[in-house]
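Taking it in order: structure first as structure tokens, then the write-up.
Just so you know, all these numbers are worked out from the coordinates, no wet-lab data involved. No experiment lies behind these values; they were computed from the predicted model shown. Note that we place each Cβ from the backbone using ideal geometry, even for glycine, and neighbour counts take in every protein chain shown.
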There are 4 protein chains.
Amino acid sequence: MSKRAERPGRGDYRRFFPVQTRWTDNDMYGHANNALYYEWFDLAVNTLMMEEGGLDPMHGPVMDFVVESGCRYHEGVGFPDALEVGVRVGHLGNSSVRWECAIFRKGEQQASADGFFVHVFVGRSDQRPTAIPERLREAMRRLAPRSI
Amino acid sequence: MSKRAERPGRGDYRRFFPVQTRWTDNDMYGHANNALYYEWFDLAVNTLMMEEGGLDPMHGPVMDFVVESGCRYHEGVGFPDALEVGVRVGHLGNSSVRWECAIFRKGEQQASADGFFVHVFVGRSDQRPTAIPERLREAMRRLAPRSI
Amino acid sequence: MSKRAERPGRGDYRRFFPVQTRWTDNDMYGHANNALYYEWFDLAVNTLMMEEGGLDPMHGPVMDFVVESGCRYHEGVGFPDALEVGVRVGHLGNSSVRWECAIFRKGEQQASADGFFVHVFVGRSDQRPTAIPERLREAMRRLAPRSI
Amino acid sequence: MSKRAERPGRGDYRRFFPVQTRWTDNDMYGHANNALYYEWFDLAVNTLMMEEGGLDPMHGPVMDFVVESGCRYHEGVGFPDALEVGVRVGHLGNSSVRWECAIFRKGEQQASADGFFVHVFVGRSDQRPTAIPERLREAMRRLAPRSI
């Protein structure tokens, strides 16, 4: 294990999105199941894209599909923790984007977990990869650590 | 993308565990959210460990924590698909095990998604890493592609 | 409390639908949360309507909305129990139907929980109540204890 | 239907608890599944009992089991709505309590859904009904509309 040195800190992320945990998030071990962390990443990223990039998941011209994801878990979190998802864009392509996310307990500097996922954008009607709309792309650029 | 060549087939896994999808598995896009795949992996692996390795999650001397996970998604699945989780052990250490899993639609030869996760076993009372109990280790060995 | 006498048995339902429980169904108390029972009811009823009544939730002309639900819990169930949802139609109106459901542990005669929910059917385009399509209505009639 | 007259308003509840919706709360119809409302009720009530009544779900001497629940749905809600759960105590017995809850969209006066559930308290070790601890009972009294 010995991964403490690799735990990212708050300075590694561009935006922080609050997540409310739920009673039902915890499994029999009293912590959130590993799958939940991906739901929280999704919640943060999709909300940012809707609020800042104009994504309309139900009716807009594009949909975002996840093609890869991963996460490292450093310490257990769960209800009733107040959490924040740190978000940055790691790579921005023509039709795809790599989101890098981390879970922070409110007030803590080191991430409890860190991961990523890759979105590919497709047209709603043909389900084929398509260029990310410009307004959305601009919102993504603002979440990248440097010009990408 | 162009990842079709990397999609694993049924021959790459040692055991297949059926998973029933649910109405609530599907999100607004009509497919299962990416986080669900990890729940299905968990369900398959924990059930196998309980049934074949004597794991007792609520009362036994050891608990299994996930320290890392990842998944690649090749095509969308969801309710009402009948699914199977292919399972194999990729690495077996003293206190940890790497599970490699894939999602197959019933009757299909190529995986719709493939991923992995790493379990570390800890003592229930001290929450410190501990050797995997022998009966459980034997069950894991039977799920490894070759002697590991 | 003293509700044992009211627990329905298998003879009170017309059809039994298997439900696979999941690791993540259990909460910190080691049993399924009360909300899950409603997901299982939904799963059973929607699958029956799709398989036997031609309901097409994503593309068909009608959608089903729940306007009321209720459940009594007689004993805790959860992962890894094998469950069955008993289903019957309690009332069939022009645009609405009352489903009466119960949860049985496999092999048990008395219900672990029993409840109901009411579906109202609306047109996909106008979201106004509409008559239940005839093929679906016939499937519902077959699930009623007597001619209704 | 014609239930508009029965929709409760904010004045019918004693406390309001914020709930953050999630991408994964929405089903294929683009709204939260009916089962989710019960999860939100649970979240509000359990948090209030923990914060104001000293309930310790994992280690305390008592556990709360739900023996009955019900809900009426007046209009669909879901991600990305900001919600509030209105809470009041409807009945307070020796070992049981009836919670009456409603879902409000932020800023709206009429409930989108209203329901209830009944908790029975049991001892952690013997799982038998037991008197509600005094500190918890006081918190419940403060959530009752009148002295009960």
Considering only C-alpha atoms, what is the centroid distance from the range C:1-64 to the range A:84-148, in Å? 37
Nearest-first distances (nm) between copies at C:GLN127, label 7 Å from Cα via Cβ: 2.6, 4.5, 4.6
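Under 13 Å from the Cβ of C:ASP42, count the other residues' Cβ atoms, weight Lys and Arg +1, Asp and Glu -1, and hand me the total. Working shown, then result.
Details: positive: B:ARG22; negative: B:ASP25, C:GLU39, C:ASP64, D:ASP27.
Here the charged neighbours net out to -3.
Given 0.36 nm per residue, what is the gain on full extension from A:ASP56 to A:LYS106 after removing their alpha carbon distance, in nm?
Numbers: separation 50, 0.36 × 50 = 18.00 nm, distance 2.94 nm.
The A:ASP56-A:LYS106 span can extend by a further 15.1 nm.
Would you mind ranking A:ARG146, C:ARG14 so that the residue whose beta carbon has the fewest other beta carbons within 10 Å leads the list?
On the way: A:ARG146 4, C:ARG14 14.
Starting with the residue having the fewest Cβ neighbours, the order is A:ARG146, C:ARG14.
Kindly state, as a whole number, the per residue volume in cubic angstrom of the convex hull around the alpha carbon atoms of the range B:66-148. Display every interim value, and only then the final one.
Values: hull volume 9.9 nm³, N = 83.
Cα convex hull per residue, to the nearest whole number: 119 Å³.
Let me confirm one metric for peptide C:128-139, namely the mean number of other chain beta-carbon atoms within 10 Å of its residues' beta-carbons. Could you put the intermediate results ahead of the total?
Working: counts 0, 1, 0, 0, 0, 0, 0, 0, 0, 0, 0, 0.
Partner Cβ neighbours, averaged per residue: 0.
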Apply the Karplus parameterisation 6.51 cos²θ - 1.76 cosθ + 1.60, with θ equal to phi minus 60°, to every residue of the range A:97-112 and state each ³J(HN,Hα) to the nearest whole Hz, in sequence, with x for glycine and proline. 9, 9, 9, 10, 10, 8, 9, 10, 6, 3, x, 8, 8, 9, 5, 7
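Can you tell me how the protein assembly as shown classifies by the Cα gyration tensor, rounded, prolate or oblate, using a/c under 1.5 as the rounded cut? Please report the intermediate quantities before stating the final value.
Working: a/c = 1.30, a/b = 1.21, b/c = 1.08.
Note, shape of the protein assembly as shown comes out rounded.
Just order A:130-140, A:99-109, C:28-38, B:128-138 by mean Cβ neighbour count inside 10 Å, highest at the front, would you?
Details: A:130-140: 16.8, A:99-109: 19.4, C:28-38: 22.8, B:128-138: 15.1.
So the order, starting with the most tightly packed, is C:28-38, A:99-109, A:130-140, B:128-138.
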Quick one: which residues, 5+ away or cross-chain, put their amide H under 5 Å from the amide H of D:ASP81? H built at 1.01 Å from N. none
Note the distances from A:GLY90 to each other copy's matching label point, with points 7 Å along the Cα-to-beta-carbon direction, in nm, sorted shortest first. 1.5, 4.9, 5.1
Which percent of the Cα-Cα distances in chain C go past 26 Å? 26
Given the rule -39500 (n - 2.57) for each run of at least 4 DSSP H residues, summed and divided by the residues of the protein assembly as shown, what is its mean residue ellipticity at 222 nm, to the nearest 500 deg cm²/dmol? -6500 deg cm²/dmol
List every residue whose amide H lies under 5 Å from the amide H of B:GLY60, counting only residues 5 or more places away in sequence or on a different chain, with H placed 1.01 Å from N in the peptide plane. none
What average number of partner chain Cβ atoms lie no more than 10 Å from the Cβ of the residues making up D:38-44? 6
Residues meeting the amide H criterion for C:ALA144 (H placed from the backbone, H to H distance under 5 Å, 5 or more places apart or on another chain) are C:VAL89
For helix A:34-53, what angle does its Cα long axis make with the longest principal axis of chain A, in degrees from 0 to 90 and rounded to 10? 40
Please average, across the residues of C:62-70, the number of beta carbons from any other chain that are within 10 Å of each residue's own beta carbon, and give a whole number. 6
